[in-house]
Amino acid sequence: MRTLVDRLVAQQQLTDEELRQLLLCQDVGVNRYLRQQAQAVRQRVYGRDVYIRGLIEFTNYCRNNCYYCGIRAGNSFAQRYRLSNADILTCCQQGYQLGFRTFVLQGGEDPYFTDARMLEIISAIKSAYPDCALTLSIGERSFASYKAFFDAGADRYLLRHETACPAHYARLHPPQLQLSARKQCLYDLKRIGFQVGCGFMVGSPYQTIDTLIMDLRFIKEFQPHMVGLGPFIPHQNTPFRDFPAGSISLSLKLLCIIRLLLPHVLLPATTALGTLDKQGREEGILSGANVIMPNLSPAQVRGKYLLYDNKAFTGDEAAEGLQHIQQQLNNIGYHVVIDRGDCIGA
Ligand code: SAM
């Protein structure tokens with residue numbers, strides 16, 4: 001098994017059968033070795049730097065009804081909110097003072113935020129903070145919309161593919177949502193010139209080793225700049241309320257494998273990891289992750305962007321939250337850097 005890990009390091013590739021063996025392997029020594037190799041590769045490319053992204057969850061309205069998601073349109077218990085442009089700019093201002101040089105605007109697919117409204121926000125942020133990168137994560141849009149966002153200055157786009165298996169995709173989403181459309185968006189974004197992130201939940205209902213292998217294959221072929229990956233966590237007001245949460249150890253193992261498949265990729269230790277396990281973020285960093293996305297949203301709305309139950313959020317001011325993260329990272333020998341944090345080699 002160690003030979004498999006060595007080959008993954010040397011060739012950044014394994015066959016489907018080898019990936020299966022590695023994913024199923026329960027040997028503690030092999031899994032520890034995999035993690036050591038992922039850390040070594042991460043340190044070779046990114047040193048002990050951790051990039052921070054200021055996450056601004058600017059709307060929890062969504063027109064979609066993904067079966068797993070707490071802000072789905074059908075959840076009538078969700079307390080909906082939208083941030084104003086002024087609120088968003090205040091978040092950026094606070095973040096900038098704290099050292100954030102990337103802002104991530106994330107939200108549901110909210111029809112209120114037309115292209116014109118998004119362009120206004122993008123231009124305002126980019127003219128106030130020209131040295132910062134702006135990432136959008138607002139779901140599926142047309143090629144023309146994405147192009148307009150890019151031309152207005154948006155740099156990066158996060159759009160998890162959710163699963164690379166069409167049959168699995170159909171069990172996670174209503175029929176209006178199709179994997180082919182999601183993938184087309186990813187290809188469009190890349191063609192336009194965005195730094196693009198795909199990704200998936202670990203342990204989503206009906207996920208199997210085969211669908212995971214398809215995810216890894218898709219990621220390797222697509223060559224994203226970023227991969228967002230975290231455990232599925234059920235939300236009480238969704239059709240998937242009774243499914244168990246995804247496994248932390250499998251999530252960490254997948255982080256290791258992705259780091260070795262794509263040594264330069266930007267890999268966040270996600271909030272979902274931190275929600276299921278107090279040490280989740282640190283464990284993520286020790287498994288090859290190199291990005292953390294602290295929440296810059298105003299404290300009064302943080303408890304409303306609830307994709308899943310018990311989401312880790314604090315009423316802390318952003319500054320206190322960041323200090324806490326810096327301390328946690330220092331404890332494991334890593335440090336936050338003030339930098340846009342672009343994908344090296346992109
Ligand atoms: N609307 C945008 C989109 O579709 O990409 C961005 C917001 S969406 C809520 C962000 C991500 O949250 C999704 O891609 C999904 O993987 C993740 N997510 C949603 N519900 C989740 C859950 N119950 N557990 C873990 N992650 C979840």
Quick check: is even one residue across segment 267-281 at pLDDT 90 or above and basic (Lys, Arg)?
-> yes
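To keep it simple, each residue is scored yes or no on (1) within 30 Å of Leu212 (Cβ to Cβ); (2) out of contact with any strand residue (DSSP E or B) (no Cβ under 6 Å at 6 or more places or on another chain); (3) not polar (S, T, N, Q).
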| position | (1), (2), (3) |
| --- | --- |
| Tyr129 | no, yes, yes |
| Arg141 | yes, yes, yes |
| Ser145 | no, yes, no |
| Phe150 | no, yes, yes |
| Tyr157 | yes, no, yes |
| Ala164 | yes, yes, yes |
How many residues are more than 9 Å from the ligand (Cβ to nearest atom) and in contact (Cβ under 8 Å) with a residue 12 or more places away in the chain when one looks only at segment 231-242?
-> 3
Would you mind finding the one in Gly246, Gly280 that is over 24 Å from Ala164 (Cα atoms), within 14 Å of the ligand (Cβ to nearest atom) and touching a strand residue (DSSP E or B) at 6+ places or on another chain (Cβ under 9 Å)?
-> Gly280
Val265: of a type in the set (A, V, I, L, M), within 12 Å of the ligand (Cβ to nearest atom) and crowded, with 20+ Cβ neighbours inside 10 Å, yes or no?
-> no
Out of the residues in segment 227-252 that are in contact with a Lys or Arg (Cβ under 7 Å, 6 or more places away or on another chain) and open to solvent by less than 20 Å² (accessible area, probe 1.4 Å), which is farthest from Ala78 (Cα to Cα)?
-> Gly228
Can you pull out the residues in segment 42-58 that are among the charged types (D, E, K, R) and either more than 18 Å from the chain's Cα centre (by Cα) or surrounded by fewer than 23 Cβ atoms within 10 Å (Cβ to Cβ) (or both)?
-> Arg44, Arg48, Asp49
Checked pairs for segment 212-228, first over 16 Å from Leu267 (Cβ atoms) and among the charged types (D, E, K, R), second open to solvent by 20 Å² or more (accessible area, probe 1.4 Å) and in a helix (DSSP H, G or I), C-beta under 9 Å and 6 or more apart or across chains, list as Arg217/Asp16
Which residues, counting only those in segment 116-144, are within 16 Å of the ligand (Cβ to nearest atom) and within 21 Å of Gln176 (Cβ to Cβ)?
-> Ser137, Ile138, Gly139, Glu140, Arg141, Ser142
State the number of residues belonging to segment 323-346 that are of a type in the set (Asp, Glu) and within 18 Å of the chain's Cα centre (by Cα).
-> 1
From the options Arg63, Arg80, residue that is open to solvent by 20 Å² or more (accessible area, probe 1.4 Å) and either part of a helix (DSSP H, G or I) or in contact with a Pro (Cβ under 9 Å, 6 or more places away or on another chain) (or both) | Arg63
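Does Phe222 count as hydrophobic (A, V, I, L, M, F, W, C), surrounded by fewer than 21 Cβ atoms within 10 Å (Cβ to Cβ) and away from the ligand (no atom under 13 Å from the Cβ)?
yes
The values are calculated or read from the model by the stated rules, or taken from the named source; none is laboratory data. Nothing here was measured: the structure is a model prediction, and the numbers come from that model. No Cβ is skipped: glycine too gets one built from the backbone with ideal geometry, and neighbour counts run over all protein chains shown. All accessible areas refer to the heavy atoms of the entire protein, side chains included, with ligands and DNA or RNA removed. Shrake-Rupley method; radii C 1.70, N 1.55, O 1.52, S 1.80 Å.
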